[in-house]
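Beneath this line is the structure, given in structure tokens, with notes to follow.
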Amino acid sequence: MTDDLHRPRYHFLPPSNWMNDPNGLIQFDGWYHLFYQHNPEQAWWGTMHWGHARSRNLVDWEHLPIALQPTSGGYDKNGCFSGCAVDNDGVPTLIYTGVEPQVQCVATGTPDLVTWTKHRANPVLAAPPKGFDPADFRDPYVWMQDGQWLMVVGARTLENRGAALLYRSEDLTRWEFLNPLLQAQTEAWGRVWECPNFFQLGDKWVLLVSPVPLGRTIYFIGQFEGNRFLPEDMGDLDRGGSFYAPQTFLDTKGRRLLFGWLREDRIKEEQLNSGWSGAQTLPRVLSLADDGSLRQEPASEVELLRGSHRRINRQKVTPENPIRLTDLRSDLLEIKAVVDPGDAMMVGLRFPRMPDLEEQTFVLYDCRNGGLSIDRSVSSLDPHVNSDECRCDFHLAEGEFLDLRVFLDRSVIEVYANGRACLTARIYPTLPEGTGPEFLSMFGASTVRSLDVWELRPAEFVQAAP
Ligand code: DQQ
């Protein structure tokens, strides 16, 4: 499958078939473990299993055997849905949703996290509290606080509003409902909240939810006191349109790391034919800026992928004279551009393809209106792929330079702007080769303070010995 023009080479994906949400992220005994929603039968959503891989460095992976599969006739006979992992006093433990109905379950693992035993007390939570729909009660996320386990579970109120429910436990099997941590205030915030994550960041608390039917992830930042969450700010984590159901965890360096599912934007038939579907984002580090806003940056380990490097220092760019990097034809690239937008109306990158530029993708900063976008309108000659523009509000402060980091990995384009805006989208060019990226300035001149381009190597994926 590595010959597949669209299959990413350094974003995580399974050996084959379907993957969606990251699950059970944990660092244990020096290894980073990534579990994921997986249908091992085909490259389309189906009966959910938990796939599994581990890594020492967050970029190179060893595929491990499937960790969880449905037990026929059991409480998870129709699927092992999303959940998390915790270290319970040395015992690796998964908390996940068994289907159908939707119930919360526990499994304990061997010290290598390879073999899992479902707990005899399962399901440990058989239904949501009164006022919430039992048909949508899933995606437990657990953490230890002040000597007790706390958990949020995604839910739907009987009035069709998304909610995150807060529980506590002494032993991970007997759970007491405390209160809703937060509920959707308006229909615009979704009918079901999937994959809630709740964690401390600096001196604030952050709630992530992936609302149905929005198909994107919202964050709330606020205070957590007396089991109540008081949001003070909210926003979108990534407006690329492909990003969903992320999960975060804390590593031993104290970093709040995140992976998120990158959906495909090609039709079902294409996914089935190609034999794979879904990728994970790069590992991202979340933090709070001095002004209390959320920051996202790629983990520094991503730099391990860097190969040959080109640097251009201080160059004025006019509409007639873009910076052309024609010798960089790889589809595995990292570009870092620090730009003084000057009097340009738009600045950004263009990724054209051979032979006659019929396909090209743009990453643009709209200097006048304040916006970041990925223009996919002519990314692909294939009429069946999604070519919608991806855009978010993004403003530079007076005198601030644009600091753009763009990762191209065949069909994945992941964009970070000044650590505070993210757009990740999927593109499916049909022409086999790029002609090298270009830095553009439209309707006015800008100054590129520095432009660094690296060719990236593919991540190593090895299969565990049987
Ligand atoms: N995916 C899982 C659910 C979750 C949804 C099922 C979010 O647990 O709510 O594959 O993508």
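The values are calculated or read from the model by the stated rules, or taken from the named source; none is laboratory data. No experiment lies behind these values; they were computed from the predicted model shown. Here the Cβ positions follow ideal geometry from the backbone for every residue, glycine too, while neighbour counts run over all protein chains shown. Protein only, heavy atoms only, side chains kept; ligands, DNA and RNA dropped before computing areas. Shrake-Rupley method; radii C 1.70, N 1.55, O 1.52, S 1.80 Å.
Of the residues making up region 286-322, those that are of a type in the set (D, E) and within 20 Å of A421 (Cβ to Cβ) are D290, D291, E297. When region 224-240 is examined, which residues are found to be assigned to a strand (DSSP E or B) and surrounded by 13 or more Cβ atoms within 10 Å (Cβ to Cβ)? Passing the criteria: F224, R228, F229, P231, D233, M234, G235, D236. Take T281 and decide whether it is within 16 Å of the ligand (Cβ to nearest atom), under 8 Å from the mean Cα position of the chain (by Cα), among the polar types (S, T, N, Q) and open to solvent by less than 10 Å² (accessible area, probe 1.4 Å). Answer is yes for this residue.
Looking only at region 251-286, which residues are among the aliphatic types (A, V, I, L, M) and touching a helix residue (DSSP H, G or I) at 6+ places or on another chain (Cβ under 6 Å)? If the condition is that a residue be among the aliphatic types (A, V, I, L, M) and touching a helix residue (DSSP H, G or I) at 6+ places or on another chain (Cβ under 6 Å), then L282 is the only one that fits. Among the residues of region 149-175, those identified as open to solvent by 20 Å² or more (accessible area, probe 1.4 Å) and assigned to a strand (DSSP E or B) are R156, R168, W175. Residues being charged (D, E, K, R), at negative phi and over 12 Å from the mean Cα position of the chain (by Cα) are entirely absent from region 209-219. Is one or more of the residues making up region 353-373 part of a strand (DSSP E or B), modelled with pLDDT under 95 and more than 26 Å from the chain's Cα centre (by Cα)? The answer is yes; a qualifying residue exists. For region 379-405, a tally of residues being open to solvent by less than 50 Å² (accessible area, probe 1.4 Å) and outside any loop (DSSP other than H, G, I, E, B) returns 5. Could you pull out the residue among L34, L68, L13, L64 that is buried (at least 23 other Cβ atoms within 10 Å of the Cβ), more than 22 Å from L272 (Cβ to Cβ), away from the ligand (no atom under 13 Å from the Cβ) and hydrophobic (A, V, I, L, M, F, W, C)? So the residue among L34, L68, L13, L64 that is buried (at least 23 other Cβ atoms within 10 Å of the Cβ), more than 22 Å from L272 (Cβ to Cβ), away from the ligand (no atom under 13 Å from the Cβ) and hydrophobic (A, V, I, L, M, F, W, C) is L34.
Residues that are open to solvent by 40 Å² or more (accessible area, probe 1.4 Å) and within 20 Å of G73 (Cα to Cα) within region 116-148 comprise T117, K118, H119, R120, A121, P123, A126, A127, P134, A135, listed in sequence order. In the set (1) within 25 Å of E270 (Cα to Cα); (2) in contact with a strand residue (DSSP E or B) (Cβ under 8 Å, 6 or more places away or on another chain); (3) of a type in the set (D, E), the condition left unmet by D382 is number (2).
Among the listed residues E303, E264, identify the single one that is of a type outside the set (A, V, I, L, M, F, W, C) and not in a loop (DSSP other than H, G, I, E, B). Residue meeting the stated conditions: E303.
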